[in-house]
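Laboratory data are not the source of any read-out in this text; all were calculated from the coordinates shown. Everything numeric here is computed off the predicted structure, so don't read it as measured data. As a convention, Cβ positions derive from the backbone with ideal geometry for all residues, glycine included, and neighbour counts pool all protein chains shown.
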Amino acid sequence: MPDIPFVTLRVVLGPDTLLGTGKAELLAGIAETGSIAAAGRRMGMSYKRAWYLIDTLNGYFRAPLVVSTKGGRTGGGAQLTETGRTVLGLYHRLQDKAARAVESELQELAALAQPQPPLV
């Protein structure tokens, strides 16, 4: 868990297309598991919802971020394309830059907060 308080970044790509921590986590999950369904399950998300989010991102960019193969004897699966890996990397770089840019203000906010009980 990151230090608290922390910032998250949401990039508005278009009127109906956002890229934030959830979609970035989904993309990373697909890269790790080779499956849209498995990545969605790890996040507590239905396959239908995960597929919709990926379809939205794929429709925004010139090249798809994720390609999938249908199930069957070989089992199917999904993987990030080169564009998908690039977009995910760019998002992480933006997130890191945003966090560094507001680090001192976050420390000031933390100093003003009531002490929190330790997590058990």
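A few points about this structure:
- Evaluating Val7 against the criteria (1) among the hydrophobic types (A, V, I, L, M, F, W, C); (2) part of a loop (DSSP other than H, G, I, E, B); (3) closer than 16 Å to Ile54 by Cβ leaves one unmet condition, (3).
- In the stretch 81-107, the residues that are among the basic types (Lys, Arg) and over 13 Å from Gly20 (Cα atoms): Arg85, Lys97, Arg100
- Answer residue from the stretch 15-29, given it is out of contact with any Ser or Thr (no Cβ under 7 Å at 6 or more places or on another chain) and not small (Gly, Ala, Ser) and is nearest to Ala78 (Cα to Cα) among those: Leu27
- Extreme residue, surrounded by the most Cβ atoms within 10 Å (Cβ to Cβ), among residues of the stretch 30-56 that are farther than 14 Å from Ala78 by Cβ and of a type in the set (Gly, Ala, Ser): Ser46
- The residue pairs whose first member lies in the stretch 87-102 and is free of Cβ contacts under 8 Å to residues at least 24 places away in the same chain, whose second member is in a loop (DSSP other than H, G, I, E, B) and surrounded by 11 or more Cβ atoms within 10 Å (Cβ to Cβ), and whose beta carbons are closer than 9 Å, counting only pairs six or more residues apart or on different chains, are Lys97/Leu9; Ala101/Val7.
- Pick from the stretch 46-64, criterion of a type in the set (A, V, I, L, M) and out of contact with any strand residue (DSSP E or B) (no Cβ under 8 Å at 6 or more places or on another chain), ranking: nearest to Arg85 (Cα to Cα): Ala63
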